[in-house]
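The structure under discussion appears below in the form of structure tokens.
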Amino acid sequence: MEMQQFYYDNKIVKKFLYATIVFGVIGMLVGLLLAFFFLFPNLTDGIPWLSFGRLRPLHTNAVIFAFVGNAIFGGVYYSLQRLLKARMFSDFLSNLHFWGWQLIILAAAVSLPLGITTSKEYAELEWPIDIAIALIWVVFGINMIGTILKRRERHLYVAIWFYIATFVTVAVLHIFNSLELPVSLTKSYSVYAGVQDALVQWWYGHNAVAFFLTTPFLGLMYYFVPKAANRPVYSYRLSIIHFWSLIFIYIWAGPHHLLYSALPTWAQNLGVVFSVMLIAPSWGGMINGLLTLRGVWDKVRVEPVLKFFVVAITGYGMATFEGPMLSLKNVNAIAHFTDWIIAHVHVGALAWNGFMTFGMIYWLVPRMTKGPLFSTKLANWHFWLGTLGIILYALPMYVAGFVQASMWKQFNPDGTLTYGNFLETVQQIIPMYWMRAVGGTLYITGMFILVYNIIRTIRANAPVTDDLAEAPELQKITGSRIKGEKFHPWLERRPIQMTLLATVAILIGGIIQIVPTIMVKSNIPTISSVKPYTPLELEGRDLYIREGCVSCHSQMVRPFRSEVERYGPQAKAGEFVYDHPFLWGSKRTGPDLLRVGGKYNDNWHFNHLWDPQSTSAGSIMPGYKWLFDNKALDISDIDKKMKVMRELGVPYTDYEIAKAPELIDVQSREIEKSLYSDPDFVKSYEDSKKKAEAKGEKFIPMHQREITALIAYLQRLGTDIKVKDNAKK
């Protein structure tokens, strides 16, 4: 049989790996800065684009899509070519994919600190960037599928199954979760509202973890672990069971993020059942990975690459045991909204994704540069610093989570809350936040060691060039099964059929969960007293979204005695029918705000947002001084916003839309008038007015500033439901 010569494209792999390293450093530095904000909340006082609320989504996007995303693409482009014995389908598409992805990351790095965000977790980017992501993802898919179709290897290896499932599922998740109506180039509203939006978002959010942070990395595990160990995969049969059961079950598990919420109980319970089932395929993959290393444990002790892989797979096993456990309602009642979840997430991110990436880089770069790694000793130092960093990060957060849950739920013998002041909990866990910062510092120190080690390796070795390879052309045979051939080996040489089957497997769960919630109106009962936001409150809500308040405050009172006593009556599905997007949150660094309307007067909110520590001693909330700046609230798009909301089902009338500026003026003047009850406000306000006039600057009245709109929104929260403590104090 005639052999064909061709070249593997190493240069595209090099680009993605270098981007991985650069964005890994950036994403981790932002994360470390956020960790120190918990200790020094006013570290960047008065700088809006360096505030916690705006940097938090930048950190998650940088780590998930820039660091991990580039690592996925680098590993896929390297392994896919060699598994298929073919160069990538198109060099042009490869480079378009690379540069398009980096431009998307750059757009995120600019837009998120500017407060341009949808607020939906892991999907914060606005609609123009969402469209770009979809287009570049299609480019990646065409390039991958084109390479599969021109392959010289008949059967598709297990790693490729996971790559195919990743491409199909991420496309479906991204498109459905990102459906939104634009108001302007930088603003849109989700087409879903309240409970429906929450279900779709966590269907996406959970499965973004599943199909972006897990399935492609499992594919990389199935390729790089056997390569590094020079051993075959432990069990081919276990690989088949692992793949199909994982992609089918995973897609159902999203609702476990919404237990005890206003989501219909049937959807919650369905999420619990499938989340518990997930432990079987997840641990099947872990066992397959670890047992691939059987017989080479002596090698593991001296090879840093294998050390990274072992801890990565172990971290995957720990995270995928903990995930199903957290989906149990009695455990979720303790963990949800606490730092336990932060620990859980970072075990997966730092160990599974981080260490798999580090091991892959240490294995790939020397091979691509045709020389040894500069220093195995430094790589080992990186491993131990990183491992210690993970431990010092995760363990304190577990402790913090238990402390929070315990203190929030404790009652005195007379039936009152033992810790009625939320800040008592915060002050108890500050030492854990210090330990978390130390752990993060150790982890990123290891990252800096990797940077130095890789730079020295590249300088000492040869430039990255394309590898010459040869293989016989794949002979075409009939698509029918060969006599004695089992179904799955036949499927492995039929990529189109495999892709279609994977698509069906992931769609079943999504359709069964989401369609009834969206299409059957009786699942979301309405409440007659719940009215749309006024124009000023709508503007304030957009400011709440812009500043990332949802990162620290929930708006979901669960049916627990402690929460009802602390915050008011439990949340009802009908309360959120006009919320585009939903703002239930996933972490309580501060108290729940669903019933905060009327709990404090306008002056309290005014002072609290200027200097939180002045109203709440010991608070770790930063000030939002830019909301008070001598500039007017931009209401130029209010009519467009209300028209878009009306298209989404919010019953704004033509009169309300036409009179929106006047309605804003009337309501904001009422708030300004109430602020005059504070002598300190009157004095500082008059002083600032005199200073502006002395400088010849135009003075903007307080009722026209952003702070007034945000106060209006906060004072509205929960007031549609009659609560005994709603009256202003």
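The values are calculated or read from the model by the stated rules, or taken from the named source; none is laboratory data. In this text, all values refer to a predicted model and were calculated from it rather than measured experimentally. All Cβ positions, even for glycine, are placed from backbone atoms using ideal geometry, and neighbour counts span all protein chains on display. Side chains are part of the model used for accessible areas, which takes the heavy atoms of the whole protein and leaves out ligands, DNA and RNA. Shrake-Rupley method; radii C 1.70, N 1.55, O 1.52, S 1.80 Å.
See the values below:
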quantity	calculated
The stretch 362-476 - Kirkwood radius from inverse mean 1/r over Cα pairs (Å)	18.3 Å
Dipole axis of the chain (+1 Lys, Arg; -1 Asp, Glu on Cβ), positive-most option in Y236, S51, T445	Y236
Check: the chain dipole with +1 on Lys, Arg Cβ and -1 on Asp, Glu Cβ, in debye	2220 debye
Computed accessible area, I455, all protein chains, 1.4 angstrom probe, square angstrom	80 Å²
Segments 417-427, 574-584, 123-133 sorted - mean Cβ within 10 Å per residue, highest first	574-584, 123-133, 417-427
Alpha carbon convex hull of the stretch 563-678, volume per residue in cubic angstrom	153 Å³
Amide H within-cut-off set for L125, under 5 Å, with H built and near neighbours excluded	T118
Which labelled figure in [x] 30.3, 97; [y] 32.1, 116; [z] 27.1, 94 is Rg and Dmax of the Cα atoms in Å, once derived from the coordinates	[z]
Equivalent ellipsoid, the stretch 3-104 (semi-axes from 5 times Cα gyration tensor eigenvalues, Å)	38, 12, 8
Per-residue SASA entry for M3, accessible area with 1.4 Å probe, Å² rounded to 10	90 Å²
Low-density loop cleavage sites - trypsin sites (Lys or Arg not before Pro) in the stretch 613-713, where at most 15 other Cβ are within 10 Å (DSSP)	K631, K659, K695, K698
Rh by Kirkwood over Cα pairs, then Stokes-Einstein D for the stretch 85-207 at 1.002 mPa s and 20 °C, µm²/s	134 µm²/s
For the stretch 396-543, size of Cβ-based charge dipole, Lys and Arg +1, Asp and Glu -1, in debye	500 debye
Listed residues L293, G484, G597: farthest to the positive end of the dipole of the chain (Cβ charges)	G484
Equivalent ellipsoid dimensions for the stretch 290-383 as semi-axes, Å, which come from the Cα gyration tensor, largest first	33, 14, 10
Summed side-chain charge close to G440 - residues other than G440 whose Cβ falls under 15 Å, Lys, Arg +1, Asp, Glu -1	+1
Rg/Rh for the stretch 29-168, where both radii come from Cα atoms and Rh is the Kirkwood radius	1.09
Relative intensity, log₁₀ I(q)/I(0), of the stretch 455-549 from a Debye sum that treats every alpha carbon as a point, q = 0.19 Å⁻¹	-1.09
Net charge, P57 excluded, C-beta distance under 9 Å - Lys, Arg +1, Asp, Glu -1	0
Backbone HN-Hα couplings from phi across the stretch 412-426 [Karplus 6.51/-1.76/1.60, Hz, Gly and Pro as x]	7, x, 7, x, 8, 5, 5, 10, x, 8, 4, 5, 4, 5, 4
Assigned charges on the beta-carbon of Lys, Arg, Asp, Glu; the stretch 270-405 dipole about Cα centre (debye)	440 debye
Local electrostatic count at D9 - Lys and Arg +1, Asp and Glu -1, tallied over other residues with Cβ under 12 Å	+2
Relative contact order (%) - the chain, alpha-carbon pairs under 8 angstrom, separation at least six	17 percent
Global geometry of the stretch 87-135, whether rounded, prolate or oblate, following the gyration tensor of its Cα atoms and the 1.5 cut on a/c	prolate
Extension reserve of the A617-A471 stretch, reckoned as 0.36 nm per residue once the Cα distance is removed	45.5 nm
Which of W604, W626 is most accessible, then next, and so on - probe 1.4 Å	W604, W626
Value in Å of the Kirkwood radius, where the stretch 226-349 supplies the Cα pairs that are averaged	15.8 Å
With all protein chains modelled, accessible area of V515 [1.4 Å, Å²]	70 Å²
Kirkwood Rh, angstrom, the stretch 348-414 [1 / mean 1/r, Cα pairs]	15.0 Å
Cα lying deepest toward the dipole's positive end in the stretch 236-332, options V272, L259, S282, charges on Cβ	S282
Extension gain, W434 back to T418 (0.36 nm per residue minus Cα-Cα distance, nm)	3.2 nm
Two-site label geometry, K659 and S688: point separation in nm, points 7 Å out along Cα→Cβ	3.0 nm
Computed log₁₀ I(q)/I(0) - Debye formula, equal Cα scatterers, no solvent, the stretch 54-104, q 0.27, 0.33 Å⁻¹	-1.03, -1.19
Calculated FRET efficiency for the pair K227/F487, C-beta based, R₀ 30 Å, to 0.05	0.60
Those lysines that a straight Cα-Cα span of less than 25 Å connects to K643, excepting residues fewer than 8 apart in one chain	K120, K187, K521, K531, K659
Percent of beta bridges antiparallel (DSSP, the chain, rounded to nearest 5)	90 percent
